[in-house]
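Colleague: My structure is below; once you've seen it, I'll send some questions.
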Amino acid sequence: MAMELTIDGVVQGVFCRSFCAQVGRKLGIRGATSNKADGTVQVLLDTDNEHDIEKYIHTIRTNPDGFRFHGTIRRIDKNNYTGPIYGDYQF
């Protein structure tokens, strides 16, 4: 099973999708990310490993590698996901 993250904040037009893809590649997690019509960013992670998911969330919150991202993350919602892994940025 996959995981869907919905990232809320100042996340569109600030390199969030690219940033999320870079973090996924660095951590070795496959997935995709897309802008949503409601102003959020959707991240689909192709894993159900809770440790990997929590590490991914921690890394996008803290950005220890200083990847390019000019926005602000206010909230990250996490939900199980059973559909196809697709999006604007594949990783």
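Colleague: Can you tell me how much longer the chain between ARG75 and SER34 gets when fully stretched, taken as 0.36 nm per residue apart minus their C-alpha distance, in nm with one decimal?
Modeller: Gain on stretching ARG75 to SER34: 13.1 nm.
Colleague: Report the label-to-label distance for ARG68 and MET1 in nanometres (one decimal), using points 7 Å from each Cα along the Cα→Cβ vector.
Modeller: Label at ARG68, label at MET1, 3.7 nm between them.
Colleague: Still on this structure: Given a cut-off of under 8 Å on Cα pairs at least six residues apart, what relative contact order in percent is computed for the range 2-90?
Modeller: 49
Just so you know, all these numbers are worked out from the coordinates, no wet-lab data involved. These numbers were taken from a predicted model, which means no experiment stands behind them. Cβ coordinates were reconstructed from backbone atoms using ideal geometry, including for glycine residues, and neighbour counts include every protein chain displayed.
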